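Written below as structure tokens is the structure these notes are about.
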Amino acid sequence: MAIKDDVVGFLQSDTAIDKVNFEFDGFQVYPSAYKTDIAEAVKKGRIGVRIDTALNEGAGASYDLRYNEFRLPPGFDVSKDDPASLLLHEATHAHMDLQAIGSVPRERSEAIAYVAEAVFRGAKGLPPIGGPSAEGAFMRRQAASMAAGILAGGYKVPGQAAGNLMATLRNEPHYIKQTEDDGPLMPFNGVPGEP
Ligand SMILES: [Zn+2]
């Protein structure tokens, strides 16, 4: 099966996505964003899926705002938990782009995506990616404790906890994947094509 079909199949059918439903700092994340909105956009080719051979095998996934595409490393296997979690994280950014929410401070966009990733993993009974020594470990543990609250029925992430996670991200920019053209704002300027 082509990687695009794998991505669509994952978004439409992974049951842990049904639990990814919360509000963080006024932004709403909900299952149909992935299962319908992003899945349809990928199916129709509005959002691309590309294996980037310049990436090392095992490297993280990314969502490229300029080209409106997921960029995945060679060997990416969405049937495995960690790649699936990273794709879910990136799909959270893609949904912000699909909604054309405009420029968002990087720490806010990342915090939301990390909490979505953590809820997804929590719903599967998985610990944060990589354990304590992994890149982003502290922030992923913070996100995991918020995810536990969400999975226990708390819809809104409490403002203070949300603020703490964004502060962590602002103060520890090495936790955020950066490329040379990444600024402090992420421009979610929309995805061309008909829904
Ligand atoms: Zn991210």
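You can think of it this way: the chain between residue 15 and residue 133 has 39.6 nm of extra reach, that is 0.36 nm per residue less the Cα-Cα gap. Cross-link pairs exceeding 23 Å between alpha carbons, from the set 19/44; 4/80; 44/124; 43/80; 43/156; 19/156: 19/44; 44/124; 43/156. Between the alpha-carbon centers of the stretch 142-166 and the stretch 55-103, tell me the distance in whole angstrom. The two parts, judged by their Cα centres, are 22 Å apart. Counting only DSSP beta bridges with both residues in the stretch 3-175, the antiparallel share comes to about 55 percent.
Suppose every K and R has +1 on its Cβ and every D and E has -1 on its Cβ; what is the size of the dipole of the chain about the Cα centre, in Debye to the nearest 20?
Values: 19 positive and 26 negative charges, 78 e Å.
Computed about the Cα centre, the dipole is about 380 debye.
Residues whose amide H comes within less than 5 Å of that of residue 156, counting only those at least five positions distant or on another chain, are 23 (H built at 1.01 Å from N in the peptide plane). Remark: C-alpha extents of the stretch 57-195 on the principal axes read 38, 35, 31 Å, sorted largest to smallest.
Within the stretch 31-89, list the trypsin sites (Lys or Arg not before Pro) lying in a DSSP loop whose Cβ has at most 14 other Cβ atoms in a 10 Å radius. Passing sites in the stretch 31-89 are 44, 66, 80.
Across the stretch 92-176, the relative contact order, built from alpha-carbon pairs under 8 Å that are at least six residues apart, equals 32 percent.
Count the net charge of all other residues whose Cβ sits under 12 Å from the Cβ of residue 125, scoring Lys and Arg as +1 and Asp and Glu as -1. Charge balance near residue 125 sits at +2.
Computed over the chain, relative contact order equals 24 percent, with contacts defined as Cα pairs under 8 Å that lie 6+ residues apart. The simple Förster model, with R0 at 45 Å and r as the Cβ-Cβ distance, assigns residue 152 and residue 53 a FRET efficiency of 0.60. Multiplying the residue separation of residue 80 and residue 145 by 0.36 nm and removing their Cα-Cα distance gives an extension gain of 21.1 nm.
Only the coordinates and a few stated rules stand behind these numbers; no lab work does. Not measured: the values here are computed from a predicted model. For neighbour counting, all protein chains shown are included, and Cβ atoms are generated from backbone atoms with ideal geometry for every residue, glycine included.
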